[in-house]
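**Q** Below: one structure in structure tokens.
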Amino acid sequence: MNQILQPKGYLVAVGGAEDKGTDLEKGIIERNRLNFFELGILSNIINLIDSTQKPIVEVVTTASSIPDEVFENYQSAFQKLGVENINHIRIRNREDTANPEFLERLTKANCIMFSGGNQLRLSSIFGGTEFLQILKEKYYNEHFVIGGTSAGAMAMSNTMIYEGNASLAHLKGEVRITTGVGLLQNVIIDTHFDKRGRFNRLAQAVAGNPGTIGIGLGENTGVIVKNGYELTTIGLGSVIIIDGKNIDYNNIADIAFGAPISVGNILVHIMSAGDVYSLQERKYEGRNVIVPVED
């Protein structure tokens, strides 16, 4: 793979349903405290922020149909982690992306969190905007953290799944792909991966784009992306890597729409917390020292 331009910032792509500390409200036990405050997805995001600064977190709820409720949930969760300055960038359409207040707040932020919902709203609303340009400049030039969960994670890549019924995903044409916001190149991200049975969906996407690397994120699980290519798994579930580089048989171009696909010699890695994968080398690199507590 060609050398990837290395950003100074970090991406955190999350498979959805990340722990927001609700178990703490039911009565704190040590396992819940450890999972949320030390090993939790949101804790990992906050810990990536430059420790010399008081974090400013902006939550973007564009993908969601219930933006205010979603923001309140994140506000509560980040407050439990000691973050005082949490704001809501409530962008609902392309016109909102040019709001001077939102652009100024983005410029001043240390971290931005994209909520779940509909990833096509993210690509269609932010594509080609000044807001996205500023976001990319901050990511490449500053110690800046971008988190995204579910739809917010799927939209990070340049190639994005926007529709596809998991039960039909073995059939040609049942997985629909468009262009994401382009923070990560040569990858396709899918989320809620284990719970919604999306292996075939991501496999078809990779079969049609074998130069890409598929990243399947389980719920309450994610990857931290450092230098634009080094993935470290966090959370309590699994991350599936699907690599098409060694495919030696692929019928997707020759069959009719609706026919089942066949793909030979596709490469799969299964990763848990602490596992590291290099997008640049297309290689499983081993483990760090993160160890999750059993649920």
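The values are calculated or read from the model by the stated rules, or taken from the named source; none is laboratory data. These figures come from a predicted structure and were not determined experimentally. Please note: Cβ atoms are built from the backbone with ideal geometry, for glycine as well, and neighbour counts cover all protein chains shown.
**Q** Hey, among Ile66, Ile45, Ile86, which residue is modelled with pLDDT of 95 or more, surrounded by fewer than 18 Cβ atoms within 10 Å (Cβ to Cβ) and of a type in the set (A, V, I, L, M, F, W, C)?
**A** Within the list Ile66, Ile45, Ile86, the selection yields Ile66.
**Q** Let me ask something additional. Any residue at all in region 266-284 that is among the aliphatic types (A, V, I, L, M), touching a helix residue (DSSP H, G or I) at 6+ places or on another chain (Cβ under 6 Å), surrounded by 20 or more Cβ atoms within 10 Å (Cβ to Cβ) and more than 18 Å from Gly148 (Cβ to Cβ)?
**A** no
**Q** Of all residues in region 120-143 being assigned to a helix (DSSP H, G or I) and polar (S, T, N, Q), which is farthest from Val59 (Cα to Cα)?
**A** Step one: of region 120-143, the residues assigned to a helix (DSSP H, G or I) are 120-126, 130-141.
Next, only the ones that are polar (S, T, N, Q) stay: 123-124, 133, 141.
Details: Ser123: 17, Ser124: 18, Gln133: 18, Asn141: 21 Å.
The selected residue is Asn141.
**Q** Let me ask something additional. Please go through region 259-286 and give me each residue that is within 30 Å of Phe37 (Cα to Cα) and not in a strand (DSSP E or B), ordered by number.
**A** We begin by selecting, within region 259-286, every residue within 30 Å of Phe37 (Cα to Cα); these are 269-279, 284-286.
Listed by number, the residues that qualify are Ser272, Ala273, Gly274, Leu279.
**Q** For region 124-132, indicate whether the set of residues that are more than 22 Å from Leu5 (Cβ to Cβ) and modelled with pLDDT of 95 or more is non-empty.
**A** So far as region 124-132 goes, yes, one or more of its residues are more than 22 Å from Leu5 (Cβ to Cβ) and modelled with pLDDT of 95 or more.
**Q** Can you list the helices (runs of 4 or more DSSP H) lying wholly within region 1-114 that have 2 or more residues being polar (S, T, N, Q), under 30 Å from Gly214 (Cβ atoms) and in contact (Cβ under 8 Å) with a residue 12 or more places away in the chain? It would help to see each step written out before you state the result.
**A** Values: elements: 22-25, 30-33, 41-48, 67-80, 100-108.
Because the criterion is at least 2 residues that are polar (S, T, N, Q), under 30 Å from Gly214 (Cβ atoms) and in contact (Cβ under 8 Å) with a residue 12 or more places away in the chain, the helices (runs of 4 or more DSSP H) in region 1-114 that meet it are 41-48.
**Q** Related question: Output yes when any residue across region 251-258 is buried (at least 18 other Cβ atoms within 10 Å of the Cβ), in contact (Cβ under 8 Å) with a residue 24 or more places away in the chain, out of contact with any Phe, Trp or Tyr (no Cβ under 8 Å at 6 or more places or on another chain) and assigned to a loop (DSSP other than H, G, I, E, B), and no when none is. Steps first, answer last, please.
**A** First, pick out the residues of region 251-258 that are buried (at least 18 other Cβ atoms within 10 Å of the Cβ): none.
Checked against the condition, which is being buried (at least 18 other Cβ atoms within 10 Å of the Cβ), in contact (Cβ under 8 Å) with a residue 24 or more places away in the chain, out of contact with any Phe, Trp or Tyr (no Cβ under 8 Å at 6 or more places or on another chain) and assigned to a loop (DSSP other than H, G, I, E, B), region 251-258 yields no hits at all.
**Q** Something else now. Quick one: in region 144-177, which of the residues that are assigned to a loop (DSSP other than H, G, I, E, B) and not small (Gly, Ala, Ser) is surrounded by the fewest Cβ atoms within 10 Å (Cβ to Cβ)?
**A** Here is the first cut: in region 144-177, the residues assigned to a loop (DSSP other than H, G, I, E, B) are 144, 150, 155-156, 158, 164-165, 169-170, 172-175.
Narrowing further to those that are not small (Gly, Ala, Ser): 144, 156, 158, 165, 170, 172, 174-175.
Numbers: Phe144: 23, Met156: 25, Asn158: 15, Asn165: 10, His170: 17, Lys172: 19, Glu174: 19, Val175: 27.
Among those residues, the one meeting the criterion is Asn165.
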